[in-house]
Amino acid sequence: MHSLDIDRASSLCLSPPPGKMAGIFGDGATGLVLRTLAGPLLRGENVVAVDGGNRFDPYEIGKAAKALGGDAKEVLSRIRVSRAFTCHQMEALLTRRLPEALSRFDARLALIMGLPETFSDADVSYAEACRVFRNCLSALRRVALSGPRVVLVGRGEPPAKSHHSVGPAPANRSGFFRHLLRTAEPVLLLRRSEEGWVWEFRHEEARLARGGS
């Protein structure tokens with residue numbers, strides 16, 4: 001693992017151990033994982049994505065596919081995206097539609113973007129948010145245990161302000177992200193600094209790898 005770089009760490013996160021959920025969190029996490037997806041998509045793999053932070057950018061995948069000598073249109077035809085703008089919409093997608101979509105599309109990879117971000121609505125009580133969050137994680141664990149790989153992607157802490165609430169996001173929602181960090185394996189944490197990327201990779205086989213660029 002001494003020669004591990006950020007692209008290799010991202011690729012490893014697309015293949016978590018059986019029954020586990022991987023995580024890629026922090027600044028630029030979504031762009032990184034979308035570029036990394038170009039490889040599996042070019043090899044013919046189908047992907048189902050659930051976008052909870054309105055972060056999916058098909059151009060990132062298309063550019064990466066072209067850089068690898070592939071066809072962007074063909075690659076994008078292998079990924080299906082559903083969007084959620086609230087935690088309740090996210091719950092419905094994960095508990096009802098995701099397993100069906102994976103089966104129908106013959107996909108072995110589920111990309112879940114912006115899960116913590118959907119819990120930033122101050123109009124949803126903390127008790128209700130906890131209930132929905134537990135249901136979301138239970139649904140994802142069932143998916144992971146049934147065979148498909150599950151990868152969680154997001155910027156980490158909930159945004160300071162929700163798209164669906166006038167007030168700031170409740171501070172107690174940050175605990176949801178910390179729980180994801182404890183749940184996911186492997187985990188890639190990203191941070192942008194003045195010198196470039198600073199990252200940390202956590203995996204059972206290599207407890208800690210750090211790097212920068």
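Points worth noting:
- Largest GNM mean-square fluctuation across GLY114, GLY23, GLY147, computed for the chain with C-alpha springs under 10 Å, falls on GLY147.
- From phi via Karplus (6.51, -1.76, 1.60), per-residue ³J(HN,Hα) for the range 12-19 in Hz, x at Gly/Pro: 4, 6, 7, 10, x, x, x, x
- When the Gaussian network model of the chain links Cα atoms closer than 10 Å, the mean-square fluctuations of ASN135, ASN54, ASN172 top out at ASN172.
- Contact order normalised by residue count of the range 72-129, Cα under 8 Å, 6+ apart, percent: 36
- Multiplying the residue separation of SER146 and SER15 by 0.36 nm and subtracting their alpha-carbon distance yields 45.7 nm.
- Relative contact order (percent, whole number), the chain, Cα cutoff 8 Å, 6+ residue spacing: 29
- Relative contact order of the range 42-104: 42 percent, from C-alpha pairs under 8 Å at least 6 residues apart in sequence.
- Taking GluC sites (Glu not before Pro) in DSSP loop conformation with at most 10 other Cβ atoms inside 10 Å as exposed sites, the chain has its longest uninterrupted site-free stretch at 1-193.
- Shape category assigned to the range 7-181 from the gyration tensor of Cα positions, a/c cut at 1.5: prolate
- Fewest-first ranking of VAL153, VAL81, using other Cβ atoms within 10 Å as the exposure measure: VAL81, VAL153
- Counted over all Cα-Cα pairs of the range 1-80, pairs farther apart than 15 Å make up 58 percent.
- Residues ARG43, ARG80, ARG155, ranked from the fewest to the most other C-beta atoms within 10 Å, line up as ARG43, ARG80, ARG155.
- Proxy reagent accessibility, fewest Cβ within 10 Å first, across TYR126, TYR59: TYR59, TYR126
- Straight-distance crosslink candidates among aspartates and glutamates, where the alpha carbon sits under 13 Å from LYS20 and sequence neighbours closer than 8 are dropped: GLU185, GLU204
- For the pair GLU128 and ASP106 in one chain, pulling the backbone fully straight at 0.36 nm per residue adds 4.6 nm over the alpha carbon distance.
- With R₀ fixed at 25 Å, the C-beta to C-beta distance from LYS66 to ARG192 puts the FRET efficiency at about 0.50.
Every read-out reported here was derived from the displayed coordinates using simple, explicitly stated rules and does not represent laboratory data. Keep in mind that what you see is a predicted model, and the values were worked out from it rather than measured. When we count neighbours, we look across all protein chains shown, and the Cβ atoms used for this are built from the backbone with ideal geometry, even at glycine.
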